[in-house]
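Participant: Sharing a structure, written as structure tokens. Questions coming.
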Amino acid sequence: MVSVMMRAKDLCLLLLLATTLKLAKCLFPPRTKNVAPRRSVRRSGKKEETGKSLTEEPDASFPTRVLEIPVSSLKRGGLRFTLGLHLVGQQDNGTWKANQANDNTLDMYFKDNSAMFSIVIADDAITVDRYGKPSLAYVLQESVLLHSVLDELNALAFEGDIETQNRLLRLEEPGDAIEKAREKLPARKA
């Protein structure tokens, strides 16, 4: 009788794991190919490696830094999971599509795949980079979505009854990096 109960328990755990994996594939599908691939750019002086002046229109395949939030510490896995769930929740009207690119990067694709942004969770900062040639509609939608991401980060860093050392995110002093990042967005928080 005990061995049958153990087998049933093991079967339930396997079923739960399979369901979780299927859900993860639905939440974070493979990256689409329509947006230009990422390339890092090394800038020396006033010219890029390609020889073009930095004042010319930027190449869509190179990222544009939208935000940077310096952190004193973070718990990468928990923060990535929490932000991933938040971004998946923002897909409801079909304007955005969430994707987990790797262990430290979350991507959001715009509905027409003309542009996207990536949230990169590094040990010392959380950065948001834009790829593609964004339209005005994209920039406004991106700004609204990034305000909600900043709200989520603010809640993780400051709200609740969690001890400081146990938080998923701790900002560098004086702790106003989220508000400074918010000021850089074109649309203001509603």
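The values are calculated or read from the model by the stated rules, or taken from the named source; none is laboratory data. The shown structure was predicted, so the numbers you read here are calculated from the model rather than taken from an experiment. Using ideal geometry, Cβ is built from the backbone for each residue, glycine included, and neighbour counts are taken over all protein chains shown. To get the accessible areas, we keep the full protein, side chains included, count just its heavy atoms, and leave off ligands, DNA and RNA. Shrake-Rupley method; radii C 1.70, N 1.55, O 1.52, S 1.80 Å.
Participant: Which condition number in (1) at pLDDT 90 or above; (2) touching a Leu at 6+ places or on another chain (Cβ under 9 Å) is the one that ALA187 fails?
Facilitator: Of everything listed in (1) at pLDDT 90 or above; (2) touching a Leu at 6+ places or on another chain (Cβ under 9 Å), ALA187 misses just condition (1).
Residues checked against (1) of a type outside the set (Phe, Trp, Tyr); (2) modelled with pLDDT of 95 or more; (3) under 25 Å from ALA177 (Cβ atoms):
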site: ASN34; (1), (2), (3): yes, no, no
site: PRO63; (1), (2), (3): yes, no, yes
site: GLY77; (1), (2), (3): yes, no, yes
site: TRP96; (1), (2), (3): no, no, yes
site: ASN99; (1), (2), (3): yes, no, no
site: LYS133; (1), (2), (3): yes, no, no
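Yes/no per residue for (1) of a type in the set (Asp, Glu); (2) part of a strand (DSSP E or B); (3) open to solvent by 90 Å² or more (accessible area, probe 1.4 Å); (4) without any contact (Cβ under 8 Å) to a residue 24 or more places away in the chain:
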position	(1), (2), (3), (4)
LEU153	no, no, no, no
GLU173	yes, no, yes, no
LYS180	no, no, yes, yes
PRO186	no, no, no, no
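Participant: Here's another thing I want to ask about it. In the set THR127, THR82, which member is touching a residue at least 24 places away in the same chain (Cβ under 8 Å), open to solvent by 20 Å² or more (accessible area, probe 1.4 Å) and touching an Asp or Glu at 6+ places or on another chain (Cβ under 9 Å)?
Facilitator: After ruling out the rest, the residue left standing is THR82.
Participant: Any idea which of VAL144, VAL149, VAL139 is open to solvent by 50 Å² or more (accessible area, probe 1.4 Å), part of a helix (DSSP H, G or I) and of a type in the set (A, V, I, L, M, F, W, C)?
Facilitator: Going through VAL144, VAL149, VAL139 in turn, just one is open to solvent by 50 Å² or more (accessible area, probe 1.4 Å), part of a helix (DSSP H, G or I) and of a type in the set (A, V, I, L, M, F, W, C): VAL144.
Participant: Hey, another quick one. So which residues in region 98-117 are in contact with a strand residue (DSSP E or B) (Cβ under 9 Å, 6 or more places away or on another chain), surrounded by fewer than 19 Cβ atoms within 10 Å (Cβ to Cβ) and not hydrophobic (A, V, I, L, M, F, W, C), if there are any at all?
Facilitator: ASP103, ASN104, THR105, LYS111, ASN113, SER114
Participant: Restricting to region 155-171, count the residues that are open to solvent by less than 40 Å² (accessible area, probe 1.4 Å) and in a helix (DSSP H, G or I).
Facilitator: Qualifying residue count, region 155-171: 3.
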